[in-house]
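Note sheet for the following structure.
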Amino acid sequence: MAMNTSIPSAPPSRGPSDHDVRTQVVDAATEYFARYGYEKTTVSDLAKAIGFSKAYIYKFFDSKQAIGEVICANCLNGMRQAVDEAIADATSASDRFRRMFRAFVDAGTQLFFEDRKLYDIAAAAARGPWPSAQAYERYIEDLVVRIVREGRESGEFERKTPLDETAGAICLVMKPYVNPLLLQYNLEGAAEATSLLASLVLRSLAP
């Protein structure tokens, strides 16, 4: 008699995986926050929307802020991606800096006007500051350092001032327009302001 060599099927799952539950919670929270705002939404609201108990949700997230942190990180990662795409084919360090500055403002402005209540989460994260906001700030700082270093290596920028001092000063100039908490107060004329400030920064970097 021939031996049965088929591989036995895996036993059926007894419930959603941890990853699936976390995804359901984040998706429901994103929808609720976008509709009602972060402050007005409770974990009980989310539990009711998903069909889970509040206690069950707390097995995966220890607070509402922890859920908001994931959503904020997703928003800020989308903004980072927009900036990376904007500067990918820049022809010089100066061009890369102009594109970077404008892309930050464009991405933040778009989020403000299209998903205002989600923008408010990013602003709350910056006020915290939450880990996602701190990571976003580090991304900006590292990107500025890379562009300045690129410009120095190509001969576009001066080399006398210490790199960290130069990058730090540039980040201070950019902060009102790239920090979500501050951008909401500087939206009027932001496009023109960033263009003028980019030109000012680049003149100061000239060798």
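Taking each residue of the range 103-118 that is part of a helix (DSSP H, G or I) and open to solvent by less than 70 Å² (accessible area, probe 1.4 Å) and looking for partners that are of a type in the set (G, A, S) and modelled with pLDDT of 85 or more with beta-carbon atoms closer than 7 Å, six or more apart or interchain, yields A103/A82; A103/A86; V105/A190; V105/A191; A107/A82; T109/A190.
To keep it simple, each residue is scored yes or no on (1) open to solvent by less than 50 Å² (accessible area, probe 1.4 Å); (2) in contact (Cβ under 8 Å) with a residue 24 or more places away in the chain; (3) in a helix (DSSP H, G or I).
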position: R159; (1), (2), (3): no, yes, no
position: T166; (1), (2), (3): yes, yes, yes
position: E188; (1), (2), (3): no, no, no
position: T194; (1), (2), (3): yes, yes, yes
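Of the residues that sit in the range 57-77 and are open to solvent by less than 10 Å² (accessible area, probe 1.4 Å), β-branched (V, I, T) and out of contact with any Ser or Thr (no Cβ under 6 Å at 6 or more places or on another chain), which one is farthest from R127 (Cα to Cα)? Filtering first and then ranking leaves I57. When restricted to residues that are under 23 Å from E153 (Cβ atoms), in contact with a Ser or Thr (Cβ under 9 Å, 6 or more places away or on another chain) and of a type in the set (G, A, S), the range 90-131 contains 2. If you go through the range 146-157 and keep only what is in contact (Cβ under 8 Å) with a residue 12 or more places away in the chain and open to solvent by 50 Å² or more (accessible area, probe 1.4 Å), you end up with R149, E150, S154, E156. Pairing residues of the range 29-54 that are within 20 Å of D115 (Cα to Cα) with residues that are open to solvent by less than 60 Å² (accessible area, probe 1.4 Å) and polar (S, T, N, Q), at Cβ distances under 8 Å and at least 6 apart in sequence or on separate chains, gives A29/T41; Y32/T41; F33/T41.
The values are calculated or read from the model by the stated rules, or taken from the named source; none is laboratory data. Quick caveat: nothing in here was measured; it's all calculated off a predicted structure. Positions of Cβ are generated from backbone atoms using ideal geometry, with glycine treated the same way; all protein chains shown enter the neighbour counts. Just so you know, the surface numbers come from the protein's heavy atoms only, side chains and all, with ligands and any DNA or RNA stripped out. Shrake-Rupley method; radii C 1.70, N 1.55, O 1.52, S 1.80 Å.
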